[in-house]
Amino acid sequence: MKQSILVTLLVVLFGCQQSEPVNILPKNQSQTDAAIASRIEAHMDFLASDFLRGRQTGSQEYNIAASYVATQMQQYGLEPAGSDGSWYQEVPLIKSTLIQESVKLSVNKGADQLNFTFIDDFITPANPISIEDILQGEVVFVGYGIDSQALQYNDYANLDVQGKIVIALRGRPYQFPSEVGAHLASGTTKSETAIKHGAVGFFQIHTPEMENIRKFESYQKYALEPAYHWQDPDGNVAESFPELKGSGYLSTETGAAIFELAGFSLEGVFTDIDNKLNPQGFALNIQLNMERQTQHENLSSPNVVGKLVGSEPLLKQEYVVYSAHLDHIGVESHSEVDDKINNGALDNASGVSVMLETARRFAEQERPKRSILFVAVTAEEKGLLGSSYFATNPTVGADKMVANINLDMPLILYPFGDVIAFGSEHSTLSSAVENAASKNAIKLSPDPMPEQVLFVRSDHYSFVKRGVPSIYLVPGFDSKDPSINGKEVFNLFLEKHYHQPSDDLQLPINYTAAALFTKVNQD
Ligand SMILES: [Zn+2]
């Protein structure tokens, strides 16, 4: 800034203060939609700016974003609720990177052997708890690899997988309910199921059905990205599976080749599924061999936690938790485009900004009976790690969290006429959301895209796993502007901007819609 401009600015500023405080809105004015919208815009302008270089977990720029969130909370009159009376809860992380040349996979039936190429034919995650893995064993096909007493469904019935390697299809039976099904079909649940039945290796096959939802190509692209896990104070690594000596994700062609070597047809399994028959498991009677090496690095990144203490002596012991992830994916390493910064304007500067504005509004109004916790979590993009750490080690004490409302990637790109609350039917929160929506003259709609399994893809899932009733709230596809189709906007965003540098402030962000979304959130 040039000196002369600075002087002029100082004159203007002091001039204002002496005459009339034009910049300070009267209290009722500060709650107008326009005022809310402009504050959200200001938060997003900062959080999604190039200066913050995509808020990568563990980076200095992420820490600056965290500091911004903490000082905003402080300004609103919230109290710090992180560790040791601070605004922060440091999350100890371990970063694991595969040594590409070390990864080998083959199968053999007697002297017949097939060798597969890492990334082209299969991918495998880095192992956070071991620097070298060697896996060998008999292979058993286990259908979808799901065992659920509640749904009376067991792919492992009559199969002996003790000490063996299991191969499952990605996905789940078509008749499963959306959200329970998403939980059972997640890689984590399936790995746990495999371990429960005594398996030592776990692989999944990419299916044609999956290809329609997410291409194998998009997994290959990230095959060499480091994996992140959080560690407890004793050095135990969360969500790691020491029982599994190897795991991986096989392309459909690789799966078919393995079946063929064993004398079976994977195509036949897919035909059964097309005819609404559930796949049946069987021993493949072949050997699988896998090797991989991993490098490890320790780092840490903070969650930011602020609280607003409730007004009712007993109920204030309980906390309603708002969460929004502050991290994004940093700067592109593999890209030829000029703009390499993944600003993450909608993923999730928007969610954090809406949460901050929600906090400010709560702080300005009469206190609610229960206390409210606002948590900006780290490392969501690395596998919901910040929220998982917080839900497992809550700074307010276990069993004190009564509900979680998660904000992730609200697509505030059009005047939406409804909201979607993933998870609301599993708790008593459904009627609360319905009330909030109708108070703001919009509707609550059911999950319009169960195939995307959004229920397990954001931070509320960490709270669900700890038994905290949770919802993940986003604007729906209903558009009040007849010239805009909400579903098209959503699909276009997923295709052209999601996790790309163009998720930035040049998108046609509708801050009035953001203001409405904030009010629904709060009510
Ligand atoms: Zn994301």
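The values are calculated or read from the model by the stated rules, or taken from the named source; none is laboratory data. As the structure is a prediction and not an experimental result, all values here were calculated from the model. Here the Cβ positions follow ideal geometry from the backbone for every residue, glycine too, while neighbour counts run over all protein chains shown. Note: accessible area is taken over every heavy atom of the protein model, side chains too, but ligands, DNA and RNA are not part of it. Shrake-Rupley method; radii C 1.70, N 1.55, O 1.52, S 1.80 Å.
Key figures for this structure:
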{"read-out": "Residue among Leu454, Leu413, Leu429, Leu444 that alone is farther than 19 Å from Val321 by Cα, modelled with pLDDT under 85 and not polar (S, T, N, Q)", "value": "Leu454"}
{"read-out": "Qualifying residue in segment 282-290 (condition: under 30 Å from the mean Cα position of the chain (by Cα), aromatic (Phe, Trp, Tyr) and open to solvent by 10 Å² or more (accessible area, probe 1.4 Å))", "value": "no"}
{"read-out": "Some residue of segment 436-443 being in the same structural domain as Ala345 (by TED's automatic domain parsing), part of a strand (DSSP E or B) and under 29 Å from Arg367 (Cβ atoms)", "value": "no"}
{"read-out": "Number of the exception - Ser424 against (1) open to solvent by less than 70 Å² (accessible area, probe 1.4 Å); (2) modelled with pLDDT of 85 or more", "value": "(2)"}
{"read-out": "Odd one out for Ala238 among (1) under 25 Å from Val139 (Cα atoms); (2) modelled with pLDDT under 90", "value": "(1)"}
{"read-out": "Single residue of Val304, Val309 found to be among the β-branched types (Val, Ile, Thr), surrounded by fewer than 18 Cβ atoms within 10 Å (Cβ to Cβ) and more than 16 Å from the ligand (Cβ to nearest atom)", "value": "Val309"}
{"read-out": "Qualifying residues in segment 376-408 (those that are more than 16 Å from the ligand (Cβ to nearest atom) and assigned to a strand (DSSP E or B)) - the one most open to solvent (accessible area, probe 1.4 Å)", "value": "Val402"}
{"read-out": "Residue list for segment 486-509, restricted to those being open to solvent by less than 40 Å² (accessible area, probe 1.4 Å), away from the ligand (no atom under 16 Å from the Cβ) and not in a helix (DSSP H, G or I)", "value": "Ile509"}
